[in-house]
Amino acid sequence: MPIIVGVDIFDKNGESIVSKRSYSETSVPLSLFDKKSDLNWVLNEQEITLGSLTLYSSSEVVLDRVLFGFALIAITAIIKLTVLFWLFVWAFDRFLATPLKNLMSQVDDVQRSQNFSKRINLSITENNEVSKLQDHMNNMLSAMEAGHKQLLEDEQAKRNWLEDAVAKRTEELQILNEKLKDLAANDSLTGALNRGNFFETAQNLLRTLQAQRSPASFILMDLDHFKTVNDTHGHFVGDKVLMHFAHTVQSFLREQDILGRLGGEEFAIFLPDTGIEDAGHLADKLRQAITKASLDVDGKTITYTVSFGVTVSEAKDNSIDALFKRADLKLYGAKDKGRDRVER
């Protein structure tokens, strides 16, 4: 874009040689600026004046030139800004947006799977804030994994403790149930079967023996003058006498024989596969052992005797009550004849 609107060249005498204008006489610019320069020539070290040169410019041309320059600067700035903007967008997406999307996706995956052993891997090599964030997230996951593992171990330990406690409590309850069964089935003082359990067990055995046509004997026993023992020495001594008697009887019995306390000082023995002779012989041995025995309690020597009624099963017997009634008659017969004896 030209900025010269006119030129004048004069010789050394001031005569015009060239005079040119880029505008017509009818459109002279508002304001003109001129610049005059002398034209010289050096020959043999002597300066020779040739003339002068005057250049003309106008304010409009200068303004157009300035506007054109500003336009170029603006276009260049826009291009640069556009390039910088897209570079920023690319860099933002490359170094921040995409890694953050990957980070959130991997965090969501860990959250959904509850697998704290996974680690964040953004595949970035630059040491920037995102890589530091990745390291912090992995450190947090490591801490969470350790905490989760510790929590599981604590929970397993508590579960094991609870299972052991339940097992121990179950065992204690089983032992307690066995004790309750024993208490329900046995006399708590002497250890012999209680009345109900004795008759039930004897009835079942009698039914089996009758089906096999095997004999069974029933011995009914009663401690002589036991009320006198309680009244004279007290119930504590009386209990000791009952325990001594039950222990003595039990030492003479076989494994299949059963001993029961029917109430107070009355006891009974059921002897499977035993005839009347063997049952009578056993009753005699028991009577003699009790008669010869003495019991020392709190410095007191206690002796006592027992009366026995012995009977054996018959083919018509379907109930243990029949044997009990016959043995009871025999027992009262022994008492009527002076006690400390066996009736069969």
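Using packing as a proxy for protection, rank 296-307, 316-327 so that the peptide with the highest average count of other Cβ atoms within 10 Å comes first. Could you put the intermediate results ahead of the total?
On the way: 296-307: 14.6, 316-327: 16.8.
The packing order, highest mean first, is 316-327, 296-307.
Just to be sure I understand the model, the point goes 7 Å from the Cα along the line to the Cβ. What's the resulting K35 to W90 distance in nm?
Between K35 and W90, the simple spin-label model gives 4.3 nm.
Charges at C-beta only: +1 for Lys and Arg, -1 for Asp and Glu. How large is the resulting dipole of the chain about its Cα centre, in Debye rounded to 20? Could you put the intermediate results ahead of the total?
Details: 40 positive and 49 negative charges, 268 e Å.
I would put it at about 1280 debye.
What distance in nm lies between label points placed 7 Å from Cα along the C-beta direction at R169 and S294?
Distance between the two pseudo-spin positions: 5.5 nm.
Using 0.36 nm times the number of residues separating V83 and F236, minus their current alpha carbon distance, what extension gain do you get? It would help to have the intermediate numbers written out before the result.
Details: separation 153, 0.36 × 153 = 55.08 nm, distance 11.36 nm.
Result for the pair: 43.7 nm of gain on full extension.
Report, ordered by chain and residue number, the lysines lying within cross-link reach of K337, taken as a straight Cα distance under 28 Å and ignoring same-chain residues fewer than 8 apart.
Straight-line reach from K337, under 28 Å: K227, K240, K285, K292, K325.
Loop sites only, by DSSP: take the GluC sites (Glu not before Pro) in the chain that have at most 15 other C-beta atoms within 10 Å and name the longest stretch containing none of them. The partial results should precede the final answer.
On the way: sites that count: E15, E25, E45, E126, E255, E314.
Longest site-free region, per DSSP loop and neighbour criteria: 127-254.
Tell me, what % of the accessible area of the chain is carbon and sulfur with a 1.4 angstrom probe? All intermediate terms of the calculation are to be shown ahead of the outcome.
Working: 12660 of 22460 Å².
After summing per-atom areas, the C and S share lands at 56 percent.
Please state the charge dipole magnitude for segment 229-292, taken about the Cα centre, from unit charges on C-beta atoms (+1 on K and R, -1 on D and E), reported in debye and rounded to the nearest 20.
The calculation lands at about 240 debye.
For segment 1-109, what does the accessible surface come to per residue with a 1.4 Å probe? Please give it in Å². Don't skip to the end; give the middle numbers.
Working: 8520 Å² over 109 residues.
Counting only protein heavy atoms, the per-residue value for segment 1-109 is 78 Å².
Rounding to the nearest 20 debye, state how big the charge dipole of segment 249-339 is about its Cα centre with +1 on each Lys and Arg Cβ and -1 on each Asp and Glu Cβ. Spell out each step's value before the answer.
Details: 13 positive and 15 negative charges, 72 e Å.
It works out to roughly 340 debye.
Taking the 0 to 90 degree range and rounding to the nearest ten, how far is the long axis of helix 129-185 tilted relative to the main principal axis of the chain, both from C-alpha atoms?
10 degrees
Picking from V312, V107, T248, whose Cα lies most toward the positive end of the charge dipole for the chain (charges on Cβ: Lys, Arg +1; Asp, Glu -1)?
V312
Just read off the accessible area of V83 with the full protein assembly in place, 1.4 Å probe, to the nearest 10 Å².
That residue has around 80 Å² of solvent-accessible surface.
Rounded to the nearest 10 Å², what accessible area does L271 show when all protein chains are kept and the probe is 1.4 Å?
Its accessible surface works out to 0 Å², give or take rounding.
Cross-link partners among lysines for K149, C-alpha distance below 21 Å, same-chain residues fewer than 8 apart left out?
Candidates past the 8-residue exclusion: K118, K158.
Compute the angle between helix 276-292 and the longest alpha-carbon principal axis of the chain, please, reported from 0 to 90 degrees and rounded to the nearest 10.
For helix 276-292, the angle is close to 90 degrees.
The values are calculated or read from the model by the stated rules, or taken from the named source; none is laboratory data. None of the values given here were measured: they were computed from a predicted structure. Quick reminder, even Gly has a Cβ in these numbers, built from the backbone with ideal geometry, and neighbours come from all protein chains shown. Side chains are part of the model used for accessible areas, which takes the heavy atoms of the whole protein and leaves out ligands, DNA and RNA. Shrake-Rupley method; radii C 1.70, N 1.55, O 1.52, S 1.80 Å.
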